[in-house]
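Okay, structure first, notes after.
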Amino acid sequence: MTDPAAWRFDNSLIRTLDGFFVPSAAAPAPAPALTVFNDALADKLGLPGHAAGKEALAGWLSGRDTVPGSDPVALAYAGHQFGHFNPQLGDGRALLLGEVIAPDGRRFDLQFKGSGATPFSRQADGKCTLSAALREYLMSEAMAALGVPTTRSLAVCTTGEGVWRDDPHHGAVLTRIAASHLRVGTFEWAAAHKGQEAVERLADYALERHFPERMNAPNRPLALLDAVADAQAALVAKWMALGFVHGVMNTDNVTISGETIDYGPCAVLDAYSSGQVFSSIDKNGRYAFGQQPLVCRWNLYRLASALIEAIAAVNVADTEQARIMLEQWPARYDAHWLREMRSKLGLAAQQEGDIALAQSLFAAIEGQSCDFTRLFRALSASLSEGYGAVAAELADPEALRGWYESWQARLGQEPCDPVQRAAAMEAVNPVYVPRNHLTDAALEAARSGDLDQFSVLLAAVSQPFERRAGLEQFEHGAPDGSPRFVTYCGT
Ligand code: AMP
Ligand code: MG
């Protein structure tokens, strides 16, 4: 068994990227209490778990007691926020405790969110509300269970302190795990403030940490751009296949590793609509559901801008490679999206018209108030029950008839036992997703001290593909007549 007090740090970023961080410390929490702890994750990562005792965990994971061996720093970064460049952001309410190597050899960051002001906090308090911490915990664990690359959540601790937003909240610290916290904005910061040598050092560090197989590439900054372009294409394709809306795809919220990060005003669609926006701050729909692949590419152009001098320094001609790669990026994204959609639709082999078939499904359900998640389970159910299973999900029951017949014809070209095909589809199309109205209700109850709803919802979304008795309420979209859902918290 792991020594309950063993935190084994190995801080490669501090060793390598001098000038990219500022030492900082967590604000001491007056009365910490452990609200949620992810024992399974702690075990997988070789971190102290419940065996260390709740009191010790609460002390460490609230910032009251120094995590043994940690060397906390706040990372500097910049970012394009809603299209506008902000040259100086940084960890304003986060603190990197350090890096740990898991038993499987993978290196990860351990970070606090909400542990108080840092040199990058500007006028803000550096704190996090219990609701925001629990929201990120729930969303990130749901995404992990859905097979989406994501930061993970280890714990939420209340601090015993109040935090003011529009009204009083319990303060909390979220402890999260990430492959790293390097962002597109980290490169923008280096390019804006530190010059080419620093960008090269950062690119080498990022490549070695996340894409070591590419370290021998002739042009390493170009190899990094290519690797991130692919990782982000794969990531956003998964979001689009799930109906996930990130909400704030600013370049400071885009990781180099390709993990989803900074869950704030994010949501999973109930009724499908390509223009759906949830975030109260996204007035113009820049980060609407259907915009996400376009925005992803826009963000990759920002990474390319930050890397371009370093790319040119190796070989000027390679800048043309970068240009072509981003010009052709939509095809790369489409290939990832099509792979996701083929498995959602029960198709094994690739055929010429598949992308048109997948795209026309979404065109057909636009305006149909069709629940994104339920539709795909209805399609697998229809393999034994017929079109009626699908019709029941639509405002106009006939709206998908034509598409359905094309899909049936396509399935017919790939003969397969319908029971087996339905099982394969059900293994990738979830029953339980963290729906807005459920998440909201669970967080509201948690705010008044009742964590039961949160725990049941967390258990449901942690095994999203397997329908279980007693969880029927989690299968449905928001009740008719409920107000359009809006998410308010920051990321
Ligand atoms: P976000 O939109 O949450 O990704 O944050 C954008 C920037 O604002 C980052 O530099 C954050 O660290 C900073 N920030 C957000 N909320 C706070 C807060 N409560 N205190 C200090 N900095 C914050
Ligand atoms: Mg952020």
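The values are calculated or read from the model by the stated rules, or taken from the named source; none is laboratory data. Quick caveat: nothing in here was measured; it's all calculated off a predicted structure. Please note: Cβ atoms are built from the backbone with ideal geometry, for glycine as well, and neighbour counts cover all protein chains shown. Just the protein is used for accessible areas: all its heavy atoms, side chains included, with ligands, DNA and RNA removed. Shrake-Rupley method; radii C 1.70, N 1.55, O 1.52, S 1.80 Å.
Against the condition out of contact with any Pro (no Cβ under 8 Å at 6 or more places or on another chain), hydroxyl-bearing (Ser, Thr, Tyr), not assigned by TED's automatic domain parsing to the domain that holds Ala237 and not in a loop (DSSP other than H, G, I, E, B), how does Ser406 come out, does it pass? Yes: the conditions hold for Ser406. Residues in segment 74-108 that are of a type outside the set (A, V, I, L, M), within 14 Å of ligand 2 (Cβ to nearest atom), within 24 Å of Ser62 (Cβ to Cβ) and open to solvent by less than 10 Å² (accessible area, probe 1.4 Å): 2 in all. Has segment 131-152 got at least one residue that is more than 16 Å from ligand 2 (Cβ to nearest atom), surrounded by fewer than 24 Cβ atoms within 10 Å (Cβ to Cβ) and under 14 Å from Ser62 (Cβ atoms)? Checking segment 131-152: not a single residue is more than 16 Å from ligand 2 (Cβ to nearest atom), surrounded by fewer than 24 Cβ atoms within 10 Å (Cβ to Cβ) and under 14 Å from Ser62 (Cβ atoms). A single entry from Ala399, Ala358 fulfils the requirement of being among the aliphatic types (A, V, I, L, M), within 27 Å of Arg435 (Cα to Cα), part of a helix (DSSP H, G or I) and outside the structural domain of Pro330 (by TED's automatic domain parsing): Ala358. Only one of these is buried (at least 20 other Cβ atoms within 10 Å of the Cβ), assigned to a helix (DSSP H, G or I) and free of Cβ contacts under 8 Å to residues at least 24 places away in the same chain: Ala389, Ala363, Ala378. Name it. Of the residues listed, the single one that is buried (at least 20 other Cβ atoms within 10 Å of the Cβ), assigned to a helix (DSSP H, G or I) and free of Cβ contacts under 8 Å to residues at least 24 places away in the same chain is Ala378. Could you tell me whether Phe85 is touching a residue at least 60 places away in the same chain (Cβ under 8 Å), within 11 Å of ligand 1 (Cβ to nearest atom) and among the aromatic types (Phe, Trp, Tyr)? It is false that Phe85 is touching a residue at least 60 places away in the same chain (Cβ under 8 Å), within 11 Å of ligand 1 (Cβ to nearest atom) and among the aromatic types (Phe, Trp, Tyr).
Within the span defined as segment 162-180, one or more residues are in a strand (DSSP E or B), touching a strand residue (DSSP E or B) at 6+ places or on another chain (Cβ under 7 Å) and modelled with pLDDT under 95. Looking across Gln453, Gln473, one residue alone is in a helix (DSSP H, G or I) and exposed (fewer than 14 other Cβ atoms within 10 Å of the Cβ). It is Gln473.
In segment 158-170, is there at least one residue being open to solvent by less than 10 Å² (accessible area, probe 1.4 Å), closer than 25 Å to Ala58 by Cβ and within 15 Å of ligand 2 (Cβ to nearest atom)? No, there is no match, as no residue in segment 158-170 is open to solvent by less than 10 Å² (accessible area, probe 1.4 Å), closer than 25 Å to Ala58 by Cβ and within 15 Å of ligand 2 (Cβ to nearest atom). Scanning segment 236-257 for residues that are within 16 Å of ligand 2 (Cβ to nearest atom) and either small (Gly, Ala, Ser) or closer than 30 Å to Asn315 by Cβ (or both) yields Gly247, Thr251, Asp252, Val254, Thr255, Ile256, Ser257. Scanning segment 121-137 for residues that are out of contact with any Leu (no Cβ under 7 Å at 6 or more places or on another chain) and more than 11 Å from Val173 (Cα to Cα) turns up Ser121, Arg122, Gln123, Ala124, Asp125. Could you go through segment 405-419 and let me know if any residue there is surrounded by 13 or more Cβ atoms within 10 Å (Cβ to Cβ) and of a type in the set (Gly, Ala, Ser). Yes, there is a match, as at least one residue in segment 405-419 is surrounded by 13 or more Cβ atoms within 10 Å (Cβ to Cβ) and of a type in the set (Gly, Ala, Ser).
I need the full set of residues from segment 428-449 which are in a loop (DSSP other than H, G, I, E, B) and open to solvent by less than 60 Å² (accessible area, probe 1.4 Å), in order please. Listed by number, the residues that qualify are Val428, Asn429, Pro430, Val431, Tyr432, Val433, Pro434, Arg435. Do you know which residues across segment 280-303 are touching a Ser or Thr at 6+ places or on another chain (Cβ under 6 Å) and open to solvent by 10 Å² or more (accessible area, probe 1.4 Å)? Of everything in segment 280-303, those that are touching a Ser or Thr at 6+ places or on another chain (Cβ under 6 Å) and open to solvent by 10 Å² or more (accessible area, probe 1.4 Å) turn out to be Gly290, Arg302. Checking Leu207 against (1) open to solvent by 10 Å² or more (accessible area, probe 1.4 Å); (2) closer than 30 Å to Leu294 by Cβ; (3) outside any loop (DSSP other than H, G, I, E, B), which test does it fail? Only one criterion is unmet by Leu207, namely (1). When segment 39-86 is filtered for residues that are closer than 30 Å to Asp282 by Cα and touching a strand residue (DSSP E or B) at 6+ places or on another chain (Cβ under 9 Å), the ones remaining, listed by number, are Ala74, Leu75, Ala76, Tyr77, Ala78, Gly79, His80, Phe85, Asn86.
The listed residues are Phe244, Phe187, and the only one of them that is surrounded by 24 or more Cβ atoms within 10 Å (Cβ to Cβ), under 15 Å from the mean Cα position of the chain (by Cα) and away from ligand 1 (no atom under 13 Å from the Cβ) turns out to be Phe244. Restricting attention to segment 247-288, the residues being in a loop (DSSP other than H, G, I, E, B) and within 11 Å of ligand 1 (Cβ to nearest atom) number 11. Residues that are within 8 Å of ligand 1 (Cβ to nearest atom) and under 30 Å from Gln453 (Cα atoms) within segment 107-140 comprise Gly114, Asp125, Gly126, Lys127, Cys128, listed in sequence order. Evaluated against (1) at pLDDT below 95; (2) among the hydrophobic types (A, V, I, L, M, F, W, C); (3) open to solvent by less than 50 Å² (accessible area, probe 1.4 Å), Ala306 falls short on exactly one condition, (1). Summed over segment 33-59, residues that are open to solvent by less than 30 Å² (accessible area, probe 1.4 Å) and over 23 Å from Ser462 (Cα atoms) total 4.
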